[in-house]
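Down below is the structure, laid out as structure tokens.
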Amino acid sequence: MVYLLHPLTLVTFLPLLGALVILFLRAEQKNLARWIAMLTSLITFVISIAILVQFNPQNPGLQLAVNLPWIQVAEWNIHFHLAVDGLSILLVLLTTFLTPIAILSTWTAVEERVKDFMVFFLLLEVGMTGVFLAQDLFLFYVFWEFTLVPMYFLIGIWGGPQRMYAAVKFFLYTMAGSILMLLAILWLGIQQQSFSVPELIAKGGIPADLQIWLFLAFAAAFAIKVPMWPLHSWLPDAHVEAPTAGSVILAGVLLKMGTYGFLRFNLPLFPSAALQLAPYMAGLAVVGILYGAAVSYAQKDVKKLVAYSSVSHLGFVMLGLFALNPLGIQGGILQMVNHGLSTGALFLLVGMIYERRHTRDMNAFGGLWKVMPVYGALTLIVAMSSMGLPGLNGFVGEFTILLGAWGAGSTGGPLGSYWFAGLSALGVILAAVYILFMFQKMFLGPVDKEENRNLKDLNWREIATLLPIIVLIFWIGLYPKPFFNLMAPAVDQLVAILQAASVAGLP
Amino acid sequence: MLPIEAYLVLSAVLFTLGALGVLVRQNPIIIFMSIELMLNSANLAFVAFARLHGQIDGQIFVFFVMAVAAAEVAVGLALIVTIFQARHSINLDRLNSLKG
Amino acid sequence: MLFEEISSSAPQFFSLAPLIVFFPIIGLLINTFFGGKILQSGPAGEKIVGWIASAAAGLAFVVSVLLAISLINYHDGMKVPLVEWIHIDALKLNWAFQVDTLSVTMMLVVSGVGTLIHIYAIGYMHEDVRHHGDPSRFRRFFVFMNLFIAAMMILVSSDNYLMLFVGWEGVGLCSFLLIGFWYDKGEGGIANAMAAKKAFVTNRIGDFGFLLAAFIMFTSFRSLDFDIVFGRVVEVNAIYPGAIFAITAFMLLGVAGKSAQIPLYVWLPDAMAGPTPVSALIHAATMVTAGVYLVARSSALYVAAPEAQALVALTGAATALFAATIAIAQFDIKKVLAYSTISQLGFMVAAVGMGAFAAGIFHLVTHAFFKALLFLSAGSVIQGLERGHHHLEHDPKLKKLVKQEHHFDPQDMRNMGGLRTKMKTTYIVYMVGTLALAGLFPFAGFWSKDEILAEAAHLNPTAYGLLTAAAFMTAFYMGRQIWMVFFGKPRSPAAEHAQESPPVMTIPLIILAILSALGGFMNLPFKGFHQFSHWLEQTSENFHAGEFVLSVALLSTALALLAIAVSWWLYMRRAAKLEALPAAKRPDDPLRQILGPLFTWMNNKWYIDELYWAAILNRYVDLARFLADYVDWRFWHDWVHDRLLVKGYNLLSRLLSVHIDLGGIDAFANGLASTTQRLAASLRRLQTGFVRNYALSIFLGVVIIIGYLVLR
């Protein structure tokens, strides 16, 4: 029983409780459903803060573990093992932070089947938190697949006109990658007689050629989720069709599950494969950065623009992770958070204008700054954060990533060429091009469309959804030290594993 | 003290009455009463045997049976009320929608 | 840095350094959150908002002065750490303020000129709101201006390259916001917004160079702190030959972006779309000189890479001449000044490039005075004309003079003329600025420009030649401007009715005029003087005093006088003769008559913008469209996914379902099903639906079972 009150169990399953309570409501009790969902997610956030307080940043290992035997059949040794460490704590916080914000954003946007929406949303939170906390491969897989179901319904029921297409595509794409991962997980679990991630890492000893296959099997699932170029085709559909809150969570958290997967499993479990494949992964990341930026620029639908910019931003994250040095990885983790904040906020902003004008075509706007000054100013801040203006959060992540990738590019480094960092730095220019293009199209110029003349500026609820994000945007940009402090020892430990592998791999 | 057979005979008579009631009556409430009768005849037999063997088990079973009977009546009466609301009749012979 | 030294009794205020950033930030926060209320409170609201912002800038200036006073006693200056920023691995960056003579010089210029321009802007923006409505822009303007001061202060006071970069991009953002300040104006309502975007993106190209320089610097020096980097130059040069050249060359790209040098200068002329105080502060006096500051700050690196120095010097000198040729043929009063700024920045960049760091910074300071002065006076001229125009439009008697068919452009010099009697103060200060810019004795520009030329004469003869030619043209186009704007007859009704600006605008002009006239005396190039150079020498020994070369000074003065004479002949004598011609035959510029098509090329900026569009920008747009529409959507999304995968799978599943499933498996399954169905049909007759029937059968069953058990 004591495990039920453990903070990690609580933070994972409290939303489930909320979802159960909402199930007992009648369909007409919309506001009550909203409030219960909001309250549950807020309490979850408070619990995650409590976890942060208990968390010891100096300790590189797993902390606050819950470890119970779960399925013990034959040689299968599956545990219910939740724990948090420097690699995951920020992502858990990001999840619990963004969920209430996303729920708040649905207050007037979702009017149909509110109860069901909230249930699915809370279930989604259970899955996401579980993914970041699970330290058992099998348990991880369960949570991983579990997130698909609520998201499928969120897109499929509350989405745009093409919602079924997008939902099915989302589901199938992610599922297809996961199957390979499942095979790899089963192989590992049976062959190494353990599903426990820390045990497997400690054990090591997987031959290098096998590591490559396992690496690729895991990468298939994660790369689709990230999504890495060229597996991104599901992303614009899913984003464009998803309701605002769904997009926020999709961009803010679900994509991070992919990059987190690389970080948590691929790097430490298969270090020599990671070293060998790093240039290829980084190469795809660089292509993604430039390609995503160029394609964003040519979009007419602002939501699609933001969606493609995610491909570019997550390219940066992947580049950082596969720089395989502390700068790159820490920058990568921070950039995951940054992207969650700024792209999440961009989707919120797009949703706000969509609610007013029921279009996302940039040509339908123009001069909005004059009509909606607060909206304009907040968008400007978020857009600047997204394009990496120094002093805001995006820059800190991008700069450390690029610096790490440049360092990894020296002869003998994991990437072996300066081109990776050099070309990605071009992404900084291209980001300015598409972000400023968007800003100019929507906010500058004269107010030449009659429909735009009387738009209402943001109300207090909308400002309240954005304000926490904007505070964090400044905080991380100006004083990122506490964030880096949380992850530094864990990342150092990870880099040590990689270095040991590279020493062992030397001829 | 009466011999054990006397109890058993009484129990058998009550059971038979109950069974006949279930089979021949059309009003489900009467049928319920008949079922109660059957259950209580079983209870009687339980108590009689418990007494005979000097053990407490039989008497405990009686309590279980009574509890189950109470639950069953509750569910059954609820069903009857709902059926009555739906069809304005509780005549069992008119309730044949399960006919294959 | 050295706390033990600070034990003596002289006062020192180094710890106040962070306030130079915090004051403007406080100012902008006040105006952001309360400015709207203040503006609504009454007619004095505008003044309050303006003065809050000016006070924020002014307080920063006071702090800068205090820092300068402290430096008199503590030459080495001090690092004032505020808080840790990014600490990962070997990367250790702080928010820390470097107070030394170089940074304090920049602070004084930024906050000093900045404060004057803030005050001027109170008057200017009042007019702007009066002419265009929309009072909320008053607050927006001053918020952005304060933000700019804060970012610029971060730029000049940082102790490492990354914090400098924060300011570097921060001022870029402010530049974007302020160029696009009238974001619904300009050609097609969108030209200003486009100009703002162009500035930001061009700057970003430069920032790309800066970033690469930072990467190389960190991998070779393992640090981005000024002190550490400059201390390791010799060591690193031995281990990684070529690294310093790469760093400085990439840094040059950043400099070219920010300081508008070839090939990235194209944004600055367009930046004139912003309000005039912005042009004066950001696009003339301070922000654009950041590149010069960067090179001067990195003097230790540049000195170690002579090839890079030559590259920088030639870039600067070429820009100086090239921009001057364009300036000659512009008609927009602000465009002339804009190209002049590019040209003068070329002088500075050339100076710091060839190692005359002190001369470059000296010119930076004097240029800040006289170019801010010129821009602000130009703003005064423009508003004077607008007032005249306004007056015409609202005076029933004069209304017929306003040509309705075409839009009146108050910035076109062809609409001016004869303003010296209408706007006396403006005329006088404009003359001071012109003489300073033309480099005539004893105005500030003479001393600083001559120091650059004198250094160039012996350091880099090619640059010297280019710069001298540029100096000649400078005097020429300034002369042209003076004759066209202030002399001759008014060429438009608006010019005839132009009115002088209010004192809140003219007083800053007068102060700047005094500085432009006398600013040169802070660094007289004679033995025993050189105060400014010696002041800078305290920061780095690379700042050395320049020699005075009489022949150079005489030559440049003679050329300047000649240029002014030529311009007088062209624009006073010849123009007067041309007046006689009928309007259709009359050329709009006497020079056009002489130069012919060349003038058209110069007027169209040598078609560089068009070249960039055709060669790079349109290609990128095409590429992006191609990737987005064809590669990503039609090929990858529609063809590979929708057709190949989905259709293919559908085909496969139909094949399986029709032929294999229906033909084989289904037939078997159907047979099984129909058998079951027949069986079920006979059994269903047992289901009567009567409860008692079921009960009876249960009973019978029980009886049978019990019977069996008993009778067995």
Answer yes or no: is there a residue in region C:545-567 that is under 35 Å from the mean Cα position of the chain (by Cα), of a type in the set (D, E, K, R) and within 19 Å of C:Tyr464 (Cα to Cα).
yes
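Of everything in region C:538-551, what is within 15 Å of C:Phe230 (Cβ to Cβ) and open to solvent by 70 Å² or more (accessible area, probe 1.4 Å)? Give them in sequence order. Lay out the reasoning, then the answer.
Here is the first cut: in region C:538-551, the residues within 15 Å of C:Phe230 (Cβ to Cβ) are C:538-543.
Residue satisfying the conditions is C:Glu541 alone.
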On the given criteria, is C:Ala191 under 15 Å from C:Pro275 (Cα atoms), more than 7 Å from chain A (Cβ to nearest Cβ) and at pLDDT below 90?
yes
Looking only at helices (runs of 4 or more DSSP H) that fall completely inside region C:545-598, which ones have 3 or more residues that are closer than 30 Å to C:Ser448 by Cβ?
C:550-568
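Considering only region C:218-256, state which residues are in contact (Cβ under 8 Å) with a residue 60 or more places away in the chain, away from every other protein chain (no Cβ under 14 Å) and assigned to a helix (DSSP H, G or I).
C:Phe226, C:Asp227, C:Val229, C:Phe230, C:Val233, C:Val234, C:Asn237, C:Ile244, C:Phe245, C:Thr248, C:Leu252, C:Val255
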Restricting to region C:580-617, name every residue that is under 16 Å from C:Tyr339 (Cβ atoms) and of a type in the set (Lys, Arg).
C:Lys605
Top-ranked residue of region A:404-424 - restricted to ones that are in a helix (DSSP H, G or I) and more than 22 Å from the chain's Cα centre (by Cα), ranked as surrounded by the fewest Cβ atoms within 10 Å (Cβ to Cβ)
A:Trp419
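I want to confirm something. Restricting to region B:62-95 and keeping residues that are of a type in the set (Gly, Ala, Ser) and touching a helix residue (DSSP H, G or I) at 6+ places or on another chain (Cβ under 9 Å), which single residue is farthest from the other protein chains (Cβ to nearest Cβ)?
Taking region B:62-95 as the starting set, the residues that turn out to be of a type in the set (Gly, Ala, Ser) are B:67, B:69-71, B:74, B:76, B:78, B:86, B:89.
From what is left, the residues that are touching a helix residue (DSSP H, G or I) at 6+ places or on another chain (Cβ under 9 Å) are B:69, B:76, B:89.
Working: B:Ala69: 17, B:Gly76: 12, B:Ser89: 14 Å.
Taking the candidates together, the pick is B:Ala69.
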Could you check region C:674-704 and list, in sequence order, the residues that are among the β-branched types (Val, Ile, Thr) and either within 11 Å of chain B (Cβ to nearest Cβ) or under 60 Å from the mean Cα position of the chain (by Cα) (or both)?
C:Thr688, C:Val691, C:Ile698, C:Val702, C:Val703
When every residue in region A:123-180 that is closer than 18 Å to A:Ile249 by Cα and polar (S, T, N, Q) is compared, the one modelled with the lowest pLDDT is A:Thr174
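What residue, among those in region A:292-324 that are of a type in the set (Phe, Trp, Tyr) and open to solvent by less than 20 Å² (accessible area, probe 1.4 Å), is farthest from the other protein chains (Cβ to nearest Cβ)? Steps first, please.
Our first condition is that a residue be of a type in the set (Phe, Trp, Tyr); within region A:292-324, this holds for A:297, A:308, A:316, A:322.
Right, trim to open to solvent by less than 20 Å² (accessible area, probe 1.4 Å) and you get A:308, A:316, A:322.
On the way: A:Tyr308: 8, A:Phe316: 13, A:Phe322: 17 Å.
Checked region A:292-324; the qualifying residue farthest from the other protein chains (Cβ to nearest Cβ) is A:Phe322.
Which residue, of C:Phe165, C:Phe176, C:Phe215, is at the interface with chain A (Cβ under 9 Å from one of its Cβ atoms) and either within 11 Å of the chain's Cα centre (by Cα) or modelled with pLDDT under 90 (or both)?
Numbers: C:Phe165 fails: either within 11 Å of the chain's Cα centre (by Cα) or modelled with pLDDT under 90 (or both); C:Phe215 fails: either within 11 Å of the chain's Cα centre (by Cα) or modelled with pLDDT under 90 (or both).
From the options C:Phe165, C:Phe176, C:Phe215, the qualifying one is C:Phe176.
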Which condition number in (1) more than 30 Å from A:Val226 (Cβ to Cβ); (2) crowded, with 24+ Cβ neighbours inside 10 Å; (3) within 13 Å of another protein chain (Cβ to nearest Cβ) is the one that A:Tyr375 fails?
(3)
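Output yes when any residue across region A:161-169 is polar (S, T, N, Q), more than 19 Å from A:Ser48 (Cβ to Cβ) and buried (at least 23 other Cβ atoms within 10 Å of the Cβ), and no when none is. Spell out the reasoning first.
Taking region A:161-169 first, the residues polar (S, T, N, Q) are A:162.
Next cut, more than 19 Å from A:Ser48 (Cβ to Cβ) only: A:162.
Restricting the remaining residues to those that are buried (at least 23 other Cβ atoms within 10 Å of the Cβ) gives none.
No, the conditions are met nowhere in region A:161-169.
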Mind checking which pairs have a first residue in region C:321-333 that is over 17 Å from C:Phe347 (Cα atoms) and a second that is polar (S, T, N, Q), Cβ under 6 Å, 6 or more apart or different chains?
C:Ala329/C:Asn603; C:Asp332/C:Gln411; C:Ile333/C:Gln411
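Determine whether C:Pro263 is free of Cβ contacts under 8 Å to residues at least 24 places away in the same chain, under 30 Å from C:Tyr607 (Cβ atoms), open to solvent by 10 Å² or more (accessible area, probe 1.4 Å) and more than 10 Å from chain A (Cβ to nearest Cβ).
Numbers: free of Cβ contacts under 8 Å to residues at least 24 places away in the same chain: yes; under 30 Å from C:Tyr607 (Cβ atoms): yes; open to solvent by 10 Å² or more (accessible area, probe 1.4 Å): yes; more than 10 Å from chain A (Cβ to nearest Cβ): yes.
Yes.
Being under 19 Å from the mean Cα position of the chain (by Cα) and either modelled with pLDDT under 95 or within 15 Å of A:Thr44 (Cβ to Cβ) (or both) is the requirement here; does A:Ile78 meet it?
Numbers: under 19 Å from the mean Cα position of the chain (by Cα): no; either modelled with pLDDT under 95 or within 15 Å of A:Thr44 (Cβ to Cβ) (or both): yes.
When the stated conditions are applied, A:Ile78 does not pass them.
Residues are listed down the side, and each one gets a yes or a no for (1) over 20 Å from the mean Cα position of the chain (by Cα); (2) surrounded by fewer than 22 Cβ atoms within 10 Å (Cβ to Cβ); (3) at negative phi:
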position: C:Glu84; (1), (2), (3): yes, yes, yes
position: C:Met106; (1), (2), (3): no, no, yes
position: C:Gly112; (1), (2), (3): no, no, yes
position: C:Gly123; (1), (2), (3): yes, no, yes
position: C:Ser158; (1), (2), (3): no, no, yes
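Can you list the helices (runs of 4 or more DSSP H) lying wholly within region C:269-325 that have 3 or more residues being farther than 16 Å from C:Leu252 by Cβ and open to solvent by less than 10 Å² (accessible area, probe 1.4 Å)? Break it down stepwise before answering.
On the way: elements: C:276-280, C:290-297, C:299-303.
In region C:269-325, C:276-280 are the helices (runs of 4 or more DSSP H) which contain 3 or more residues that are farther than 16 Å from C:Leu252 by Cβ and open to solvent by less than 10 Å² (accessible area, probe 1.4 Å).
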Looking at (1) more than 8 Å from every other protein chain (Cβ to nearest Cβ); (2) touching a residue at least 40 places away in the same chain (Cβ under 8 Å); (3) not β-branched (Val, Ile, Thr), find the lone condition where A:Asp448 falls short.
(1)
For region A:462-474, check the following and say yes or no: at least one residue is facing chain C (nearest Cβ under 10 Å), buried (at least 24 other Cβ atoms within 10 Å of the Cβ) and touching a residue at least 12 places away in the same chain (Cβ under 8 Å).
no
With the structure loaded, tell me whether A:Gly283 is open to solvent by less than 10 Å² (accessible area, probe 1.4 Å) and either touching a residue at least 40 places away in the same chain (Cβ under 8 Å) or within 13 Å of chain C (Cβ to nearest Cβ) (or both) or whether it fails that test.
no
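The values are calculated or read from the model by the stated rules, or taken from the named source; none is laboratory data. The model shown is predicted, which means the values in this text are computed figures rather than measured ones. Neighbour counts run over all protein chains shown; Cβ positions are idealised from the backbone, glycine included. In case anyone asks, the SASA skips ligands and DNA or RNA and just uses the protein heavy atoms, side chains included. Shrake-Rupley method; radii C 1.70, N 1.55, O 1.52, S 1.80 Å.
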